[in-house]
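Following: one structure in structure tokens, then a few remarks.
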Amino acid sequence: ILDFGYRLWIPTIFDDCDTKKKPATDNYEKGEVLKTHGAIESLDKSFATLQIQLAPPGSSQKMKNSDATGAVSTLAGINSPRKKAFMVIGINTAFSSRRRRDSIRETWMPQGEKLVRLERDKGIIIRFIIGHSTTSDSILDRAIDSEDAQHKDFLRLEHVEGYHELSAKTKTYICTAVANWDAEFYVKVDDDVHVNLGKLAALLGRHRSKPMAYIGCMKSGPVLSKKSVKYHEPEYWKFGEEGNKYFRHATGQIYAISKDLASYIAAN
């Protein structure tokens, strides 16, 4: 996978991006911390599994009819039965990113009938994901409509575009993708990343049998509590004492989650 010419490797959840040596700590304290993290992970997995198993009957149907999934996909409509798929790749894009989209179309994303065959024969769905502007039927929305009429490779979301709404957009994408396709994996990728589809499919194929897979370049940065600092966390207090770190998570350029995790997000 290439990002502006640099090769990006996607490790599993067990690998960190930060390979710098950490300073040695007291063995006893380290052991106690590891025990605590292990217990928390075990509880989290058990709880998540129970949540999915105990989801009320018909929750997926309710989800399908909710506002979050009222999206339009050119090649697979939401009103049709969910199609089986191996993976759904949502390419996060913006109104101003036409050149990036064209670069992707000219490189790793098949076009026209080839895109249809990739979906039909390999179960690989690829869509640019974008919402709407703040103004109804604006020139920005009409430009996307025109582009989609030409290429037929968009998934329009019931979401108002904005830099501070990226997390909500990702959540809406996952909910919409789960409602449209019954896939084994759901992938989110930025529109400045060029993907080797064969290697990505092979990587995900090796994790098919693993429950609750979360695959990406993992990190855990500090929670920034000072308002004057860039990327200030308004709800820093939720993460404990000052100096705490975020839970380990994948960097945003590209990551994949398995069906059970995507279903959990959509149902909750």
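Considering each of T135, T176 in turn, give the residue that is of a type outside the set (G, A, S), within 24 Å of S96 (Cα to Cα) and part of a helix (DSSP H, G or I).
Values: T135 fails: part of a helix (DSSP H, G or I).
Going through T135, T176 in turn, the sole match is T176.
Give the residue that is nearest to the chain's Cα centre (by Cα), with candidates limited to residues of the range 104-141 that are modelled with pLDDT under 95 and polar (S, T, N, Q).
S133
Taking the range 234-268 on its own, how many of its residues are part of a helix (DSSP H, G or I), within 22 Å of P211 (Cα to Cα) and open to solvent by less than 50 Å² (accessible area, probe 1.4 Å)?
Going residue by residue through the range 234-268, those that are part of a helix (DSSP H, G or I) are 236-239, 259-267.
From what's left, within 22 Å of P211 (Cα to Cα): 259-267.
Remaining after also requiring open to solvent by less than 50 Å² (accessible area, probe 1.4 Å): 260-263, 266.
The total comes to 5.
Residues being surrounded by 10 or more Cβ atoms within 10 Å (Cβ to Cβ) and part of a helix (DSSP H, G or I): count how many of those fall in the range 96-113.
Going through the range 96-113 one residue at a time, the tally reaches 7.
Pick from T134, T176: which is open to solvent by 70 Å² or more (accessible area, probe 1.4 Å) and either touching a Leu at 6+ places or on another chain (Cβ under 9 Å) or touching a residue at least 12 places away in the same chain (Cβ under 8 Å) (or both)? Full working, then the answer.
On the way: T176 fails: open to solvent by 70 Å² or more (accessible area, probe 1.4 Å).
Answer to the check: T134.
Taking the range 143-164, which residues are surrounded by fewer than 18 Cβ atoms within 10 Å (Cβ to Cβ) and either part of a strand (DSSP E or B) or at pLDDT 95 or above (or both)?
Listed by number, the residues that qualify are A143, D145, S146, E147, A149, Q150, H151, K152, E158, V160.
Is it the case that some residue within the range 191-202 is open to solvent by less than 40 Å² (accessible area, probe 1.4 Å), charged (D, E, K, R) and not in a helix (DSSP H, G or I)?
Here is the first cut: in the range 191-202, the ones open to solvent by less than 40 Å² (accessible area, probe 1.4 Å) are 191-193, 195, 197, 200-201.
Checking the rest, the ones that are also charged (D, E, K, R) come to 191-192.
Next, only the ones that are not in a helix (DSSP H, G or I) stay: 191-192.
Yes: the range 191-202 contains one or more residues that are open to solvent by less than 40 Å² (accessible area, probe 1.4 Å), charged (D, E, K, R) and not in a helix (DSSP H, G or I).
If K226 meets every condition in (1) under 15 Å from the mean Cα position of the chain (by Cα); (2) at negative phi; (3) open to solvent by 20 Å² or more (accessible area, probe 1.4 Å) apart from one, which number is that one?
In the conditions (1) under 15 Å from the mean Cα position of the chain (by Cα); (2) at negative phi; (3) open to solvent by 20 Å² or more (accessible area, probe 1.4 Å), K226 misses (1) alone.
Provide a single number: the residues in the range 209-222 that are open to solvent by 20 Å² or more (accessible area, probe 1.4 Å) and over 23 Å from W108 (Cα atoms).
Of the residues in the range 209-222, the ones open to solvent by 20 Å² or more (accessible area, probe 1.4 Å) are 209-212, 214, 217, 219-222.
Now drop any that are not over 23 Å from W108 (Cα atoms), which leaves 209-212, 214, 219-222.
Summing the residues that are open to solvent by 20 Å² or more (accessible area, probe 1.4 Å) and over 23 Å from W108 (Cα atoms) in the range 209-222 gives 9.
What about L203, is it within 17 Å of G123 (Cβ to Cβ) and more than 12 Å from the chain's Cα centre (by Cα)? Spell out how you get there, then give the answer.
Working: within 17 Å of G123 (Cβ to Cβ): yes; more than 12 Å from the chain's Cα centre (by Cα): yes.
Yes; evaluated as a whole, the condition is true for this residue.
The values are calculated or read from the model by the stated rules, or taken from the named source; none is laboratory data. This is a predicted model, so every value here is computed, not measured. Cβ coordinates were reconstructed from backbone atoms using ideal geometry, including for glycine residues, and neighbour counts include every protein chain displayed. These accessible areas exclude ligands, DNA and RNA; they are computed on the full protein's heavy atoms, side chains included. Shrake-Rupley method; radii C 1.70, N 1.55, O 1.52, S 1.80 Å.
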